[in-house]
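The values are calculated or read from the model by the stated rules, or taken from the named source; none is laboratory data. Predicted model only: the values in this text are computed from it and were never measured. As a convention, Cβ positions derive from the backbone with ideal geometry for all residues, glycine included, and neighbour counts pool all protein chains shown. Side chains are part of the model used for accessible areas, which takes the heavy atoms of the whole protein and leaves out ligands, DNA and RNA. Shrake-Rupley method; radii C 1.70, N 1.55, O 1.52, S 1.80 Å.
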Amino acid sequence: MDKKYAQLWQRLAAALKPQISTDSFNRWFSAVELVEATDKSLTLRVPNNIYQFWIESNYMTALQNAIVTALGSPRAVKFASPSGTAGQTPLEDLSALKGISPEPSSGAKASASVLGLNPRNTFESFVVGPNNEIAHAAALAVAQAPARTYNPLFIYGGVGLGKTHLMQAIGQYVWAKNKNVKVMYLSSELFINEFIDAIQHSNLVKFRKRYRQADLLLIDDIQFLGGKERSQEEFFHTFNTLFDGHKQIVLSCDRPASEIANLEHRLVSRFEWGLTAELQPPDIETRLAILRKKARTMQIKLRDEVLQFLASRIRTNIRRLEGALMRVASFASLSGKELTQEVIEHLLKDILQEEGRHSITIEQIQRRVAEHFDVRLADMTSKRRPASIAFPRQVAMYLARELTKASLNEIGDAFGGRDHGTVLHACKLVKRRMTEQDNIRQTISFIDSSLQR
Amino acid sequence: MKFSVTKEKLLEGLQQVQNVVSTRTTLPILSNVLLQANGNEIHLTTTDLDVGVRGSCEADVEKEGATTLPARRLFNIVRELPSSEIQIDVDGKNAASIRSGQSFFKILGLPEEEFPPLPKFEDAKVVTIRQKDLRHGLRKTSYAISTDETRYVLNGVLFSFKDNKLTLVATDGRRLAMVEIELEFPRSHEADIIVPTKAITELQRLLTDDGEVKVSMGSGQIAFDLNKTLLVSKLIEGNYPNYRQVIPTESKERVKLERETFLNALRRVSLLASDKSNSIKLNFSKNNIDITANTPEVGEAKESLPVQYKGRDFSIAFNPEFLMAPLRALAEDEVFLDLIDEMSPGVLKIQTPFLYVLMPMRISS
């Protein structure tokens, strides 16, 4: 034992002795050595694990009291067994693994999928462009030195822009470097479900232990925590435990933390604590690069014009971009036909339409409908309801329902705080009148197509 | 495959194996029971890949064969069947038709080949134990198993075969239970193995007071052959901690207690132990123990127990649940409580080789 540590241990022992019986002290502490002491923690070397188990279970309070008496402030206590690693020696861990997994040879691969990580989502397969440079650099920094630089790392961006890809890449990078690191990747929805399950079966302790042991916690789609108060509280404590234990936390979300509805302020402020990185939709060059890379890995050969066309027309979502590429490629290989622009446009009709539709807002619909029926835009949200105003309003609600992803409630709100039932009624009514009256159907399809343009 | 069987026999057979089937499983085949009809019996097997159980029941086998059927569902159906005669007919697509009295059920199974086979035990070390001894030994120790998954070596019972003795040990870091069973086996069979909790629970269900159990120890796994049923389990890898370190070598005071009287008194007093501190105090004075519990703002309880005691007056506090657990598991009329002082562990003993070490709680004065 280092001389300095020996002296420190002497002081600790002196403070400990009065608190426990002589027999207990001799039995459990006489063989303990202090091997490391920092401002935050003390490491005790014990002859074997029964010492650790018994001291942890029975003498932790006494030991902490002694630490405060001798050093003035509490420290975390760690244990090391003779070989230098805490608890069990790694050799035993290895043999345990061998016994459990049926095919040890495929161990590495199996474990990666056990983590819930898709082996394809690595840093190598991530296409970097100006839209995601910062997020990529931050993710790489985190992966190279977890819990050193940016903790927590908060990645946000729209659907299909690579949030999950980056998170999984971090997980795999860290795990590949050190197999002993406990990586946990899950969506916040799974977290919530397991939490509910734990409440139901009243094994919260087990639940907590599971999460608070992680060395790297990756939580995807954190926005689902919004409005779930108890889950938020549980997550808050998990977050704090991990953060205080210097464990890396990475979160992804489809919007900035401050915009998550019904998320407690203390969580928002914690999410914004580390680094926040945004993923933006890729520009055309990046999209083209993604398509080329994807085509190469999938071993498809397509003419450059085709890729150009896809990249220029599908702007918002990389997942959709890849889907379109897949579709075009399989069509080409199955039918053997020449890929002209018309063929592709026909093939991707729904995607392109959806892509165009993406940008339609309720406000645009309201403006267009008001213009068409020659009513004031203010009438869309007003409380007045003569037939000349009510019907256009209902048509606008119907179109909002059809053309946007807004919920009935959101549509109701956009139309002057109306009830979702009102919106539902409007949709049904318009649908019925469309089947009954041809001219109404024509009018509405005209507005629809003019909006889509 | 086609056979008829009585409801009672099939139910009994299913009851022996169905607990192994876990409700939440990733592999659908693991929620099924393997049925094999040979000669005049049906073999029933279930497994969760860690623990597997194989039982059997008598039946009139018309056509031999094998299939797997959803265990829980089959059990629920059989339990509700109106008549005691059951006919089961399984077609080539593993769909089972179950007829009994006026009832007819058809349930869909999975092919037999998908069912993971139970491990084989070739050149394993075999030791024979009287079922009664093992049953009582496990009953006296298994309640002390740790449920803390971070200390996985403690999530089971240690079977230590040494010096013609089988020592069973369970501990969770606050208490330790140990039983020794005299046993004859060759020196080459000496071993320390840890049998996981789930296997212990199932084994306790299967053991009876008659006959013997053949224990086969392979590498990393163990089999308990109870003649009619077989339980196999993976072992917990790792070294069980040196439990002897926990057992106090000396004792200053010893009191003899009537087990049931003591247990009943503890149970009554513990009604007023607070959830938070959860401790009851034993106050020793001449020929008397006062058992007390008190929770601020709730109330207090006290019960006096006349005993033979001539030592010094002192108090010691224990977790009531931990003190009652061994008293419930034991069958003996008398128990001995050995104590040193208020800060040292108490030891509960009986006439036969059994020992329970329990750490005291701190008395806040």
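Two numbers describe the Cα atoms of the protein assembly as shown: Rg and Dmax, which are 34.7, 107 Å. Summing both sides, the accessible surface hidden between B and A at a 1.4 Å probe radius is close to 2500 Å². The DSSP beta bridges internal to chain A are antiparallel in roughly 15% of cases.
At 1.4 Å probe size, with the rest of the protein present, what percent of the exposed accessible area of the protein assembly as shown is carbon and sulfur atoms? Roughly 49 percent of what the probe reaches on the protein assembly as shown is carbon or sulfur. For residue A:272 and residue A:381, the FRET efficiency from 1/(1 + (r/R0)^6), where r spans their Cβ atoms and R0 equals 35 Å, is about 0.55.
Each Lys and Arg contributes +1 and each Asp and Glu -1, all at the Cβ; summed about the Cα centre of segment A:169-318, the dipole is approximately 760 debye. Our estimate of slack between residue A:341 and residue A:246, defined as 0.36 nm per intervening residue step minus the Cα-Cα distance, is 28.8 nm. Count Lys and Arg as plus one, Asp and Glu as minus one, and take only other residues whose Cβ is under 11 Å from that of residue B:332; the net charge is then -1. Our coupling estimate for segment A:119-127, obtained by passing each phi through the Karplus curve with A = 6.51, B = -1.76, C = 1.60 and θ = phi - 60°, is x, 6, 7, 10, 5, 4, 8, 8, 8 Hz, Gly and Pro reported as x. Close amide H contacts of residue A:34 (hydrogens built in the peptide plane, cut-off under 5 Å, sequence separation of 5 or more or a different chain): A:45. With Cα atoms as the point set, segment B:211-365 shows a radius of gyration and Dmax of 19.3, 57 Å.
With the simple model of a label 7 Å out from the Cα in the direction of the Cβ, residue B:308 to residue B:288 spans 2.0 nm.
What 222 nm value per residue comes from the helices of chain A, counting each DSSP H run with n ≥ 4 as -39,500 (n - 2.57) and dividing by all residues, nearest 500 deg cm²/dmol?
Working: 21 runs with 249 residues, N = 453.
The helix contribution divided over chain A gives -17000 deg cm²/dmol.
Basic side chains Lys and Arg get +1 at the Cβ, acidic Asp and Glu get -1 at the Cβ, and with that the dipole of chain A about its Cα centre reaches some 220 debye. Got a sec? Charge dipole of the protein assembly as shown, +1 on Cβ for Lys and Arg, -1 for Asp and Glu; which of A:30, B:249, B:266 is way out at the positive end? Looking along the dipole axis, the top candidate is A:30. Ranked by solvent-accessible area (1.4 Å probe, protein heavy atoms only, all chains present), the residues A:441, A:433 order from largest to smallest as A:441, A:433. Each Lys or Arg adds one and each Asp or Glu subtracts one; over the other residues with Cβ under 9 Å from the Cβ of residue B:100, this totals +1.
Evaluating 6.51 cos²θ - 1.76 cosθ + 1.60 at θ = phi - 60° for every residue in segment B:318-327, the Karplus couplings come out as 10, 6, x, 5, 5, 7, 7, 3, x, 5 Hz, glycine and proline recorded as x. Think of segment B:1-110 as having a plus end and a minus end, set by charges on the Cβ of Lys, Arg, Asp and Glu; of B:28, B:47, B:5, B:28 sits farthest toward the positive end of this dipole. Around the amide H of residue A:160, modelled in the peptide plane, lies no amide H under 5 Å away from a residue 5 or more places distant or on another chain.
With 10 Å bins beginning at zero, the pair-distance distribution over Cα atoms of segment B:97-248 amounts to 10, 37, 30, 12, 8, 3, 0 %.
In percent, what relative contact order does chain B have, based on Cα pairs under 8 Å that are 6 or more apart in sequence? It rounds to 13 percent for chain B.
Put one equal scatterer on each alpha carbon of chain B, apply the Debye formula with no solvent term, and list log10 I(q)/I(0) at q = 0.14, 0.15 1/Å to two decimals. These q points yield log10 I(q)/I(0) values of -1.09, -1.17. Label-to-label distance for residue A:237 and residue B:19 is 3.2 nm, based on points extended 7 Å past Cα in the beta-carbon direction. Going by a ≥ b ≥ c, the root eigenvalues of the Cα gyration tensor, does segment B:56-180 fall in the rounded group (a/c under 1.5), the prolate group (a/b larger than b/c) or the oblate group? Verdict is prolate for segment B:56-180. Give the residue from B:150, B:221, B:193 lying farthest towards the positive end of the charge dipole for segment B:139-249; charges sit on Cβ (+1 for Lys and Arg, -1 for Asp and Glu) and the dipole is referred to the Cα centre. Of the options given, the answer is B:150.
Which FRET efficiency value, to the nearest 0.05, do you get for residue B:8 and residue B:163 by plugging their Cβ-Cβ distance into 1/(1 + (r/R0)^6) with R0 = 41 Å? Using R0 = 41 Å, I get an efficiency of 0.35. The slack in the chain from residue A:443 to residue A:48, taken as 0.36 nm per residue of separation less the alpha-carbon distance, amounts to 133.9 nm. Relative to the longest principal Cα axis of chain B, at what angle does helix B:7-17 sit, 0 to 90 degrees, rounded to 10? That helix lies at roughly 60 degrees to the long axis. Based on C-alpha pairs under 8 angstrom that are at least 6 apart in sequence, chain A has a relative contact order of 11 percent. Spatially close Lys pairs in segment B:86-217, defined by Cα atoms under 21 Å apart and a spacing of eight or more places or different chains, total 18. Cα centroid separation, segment B:35-63 to segment A:184-238: 41 Å. Among residues other than residue B:245 with Cβ under 13 Å from its Cβ, the summed charge is +1 (Lys and Arg +1, Asp and Glu -1). Across every pair of non-identical alpha carbons in chain A, the mean reciprocal distance, once inverted, gives a Kirkwood radius of 27.1 Å. Here the label points at residue A:308 and residue A:363, each 7 Å from Cα along the C-beta direction, are separated by 3.6 nm in the simple model.
Proximity of backbone amide H atoms, modeled 1.01 Å from N, is registered between residue A:126 and no other residue at under 5 Å, excluding neighbours fewer than 5 places apart on the same chain. Residues of segment A:18-53 falling in the label zone of residue A:10, defined by backbone nitrogen less than 18 Å from a point 7 Å along Cα to beta-carbon, are A:18, A:30-37.
Using a 1.4 angstrom probe, figure out how much accessible area chain A has per residue, in square angstrom, rounded to the nearest whole.
That works out to 52 Å² per residue.
FRET efficiency for the residue B:228 to residue A:410 pair, using the beta carbon distance and R₀ = 51 Å, is estimated at 0.20. The gain in end-to-end length when the residue A:202 to residue A:292 segment is fully stretched comes to 27.3 nm, 0.36 nm per residue minus the alpha carbon separation. For chain B, the longest principal axis of the alpha carbon atoms and the long axis of helix B:259-270 meet at an angle near 80°.
Computed from backbone phi, the HN-Hα couplings of segment A:326-333 come to 4, 5, 4, 5, 5, 4, 4, 6 Hz, rounded to whole numbers (Karplus: 6.51 cos²θ - 1.76 cosθ + 1.60, θ = phi - 60°; Gly and Pro given as x). Note on the protein assembly as shown: with charges restricted to the Cβ of Lys and Arg (+1) and Asp and Glu (-1), its dipole about the Cα centre is near 1600 debye.
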